[in-house]
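The structure appears right after this line, and notes come after that.
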C-alpha cells in the first residue's frame, strides 16, 4: 500500500501531538524518582538512581494514603449516585417526557460554573450538618454531575429501539425490571462515558473540597497534594510522587474503558 505525502504529514503531526500529550506524564514519573536537586539540575534526564522512598514519604509521612482513600470513597459513591439518578431521569426524558424545553431545563446545570454555587452549596451543607464529612462532599459531587449525565444518556436512550421494551413487557417485565435488566445493560457505552468523565471531575476537584473539608482525616487527594507544597521549601521529588499516585489510576481507568467512552460519545450524538 502506497502512502502519499499528505498521509505522511498527517502521521508526523499525530506522532508529534502524541509525544506532546504523553511527555508531561512521563516527566512526572521520572521526576518522582529523583531528588529535588536532580529535578532542578537535570530536569529532562533519567534519574541516576531510583528513589522509591519519595513514594513512601508521600504515602505515609505526608498522609497521601489517607487522602487517596478519601478520594476513592467520595468519588466512587458520588459516581454511583450520579449514574443512578441521571440514567433514571434521562430515560424518562427520552421515553415519557419528550418536551425539548424540559430537557433544556434539566441540562442547564452544565452551563453554571461551579464557582457560582460555592456559597449557596456551603450554606446548604452547613444547614444539613455535613461540614467536614465525606457525605457533604459526596452530595455536592453527585448533584454537580447529574446534568451532564442526563445530556449524554438521553441522546443514547433515544437510539435504543422501543421494540426492545415492548418485548420485555410482553414477557412480563415491569418498568423497573425493564429499565435495570434491559435498558441499562444496553447503555454500557454511554454509562462508561459519563462514568469516566464524571470520575475525572470528582477526582481532580479542589474548590469544594477546600471549602467543605478542614479535618485532616477527611481531606481528599487534591488537598493532600497541595499540602506537599511547603511555605518556604518544597520536596519536589515527594510532590511529583504524589502527582504520579493521582494520575496513574485515571490513566488505567481510561485505557480499560476507552472503547466504551468513544462508543458512548458517538452514539449519544446521533440523536439529541
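The values are calculated or read from the model by the stated rules, or taken from the named source; none is laboratory data. Note that the coordinates shown come from a computational prediction; the quantities given were computed from them, not determined experimentally. Positions of Cβ are backbone-derived with ideal geometry, glycine not excepted, and every protein chain shown enters the neighbour counts.
Points worth noting:
- Within region 103-114, residues that are over 11 Å from residue 148 (Cα atoms) reach partners that are modelled with pLDDT of 85 or more and surrounded by 10 or more Cβ atoms within 10 Å (Cβ to Cβ) with beta carbons closer than 7 Å, at six or more positions or on different chains, in the pairs 103/93; 103/154; 114/144; 114/207.
- Of all residues in region 217-232, those satisfying the criterion of being in contact with a helix residue (DSSP H, G or I) (Cβ under 8 Å, 6 or more places away or on another chain) and at pLDDT below 90 are 228, 229.
- Exclusive hit being within 24 Å of residue 161 (Cβ to Cβ), crowded, with 16+ Cβ neighbours inside 10 Å and under 20 Å from the mean Cα position of the chain (by Cα), set 94, 86: 86
- Unique residue being surrounded by fewer than 19 Cβ atoms within 10 Å (Cβ to Cβ) and closer than 30 Å to residue 98 by Cβ when the list is 211, 152, 118, 162: 162
- Scope region 140-166; condition modelled with pLDDT under 85 and either under 14 Å from residue 88 (Cβ atoms) or not in a loop (DSSP other than H, G, I, E, B) (or both); matching residues: 162, 163, 164, 165, 166
- Selection count, region 167-213, where residues are within 29 Å of residue 135 (Cβ to Cβ), assigned to a helix (DSSP H, G or I) and either modelled with pLDDT of 85 or more or in contact with a helix residue (DSSP H, G or I) (Cβ under 8 Å, 6 or more places away or on another chain) (or both): 25
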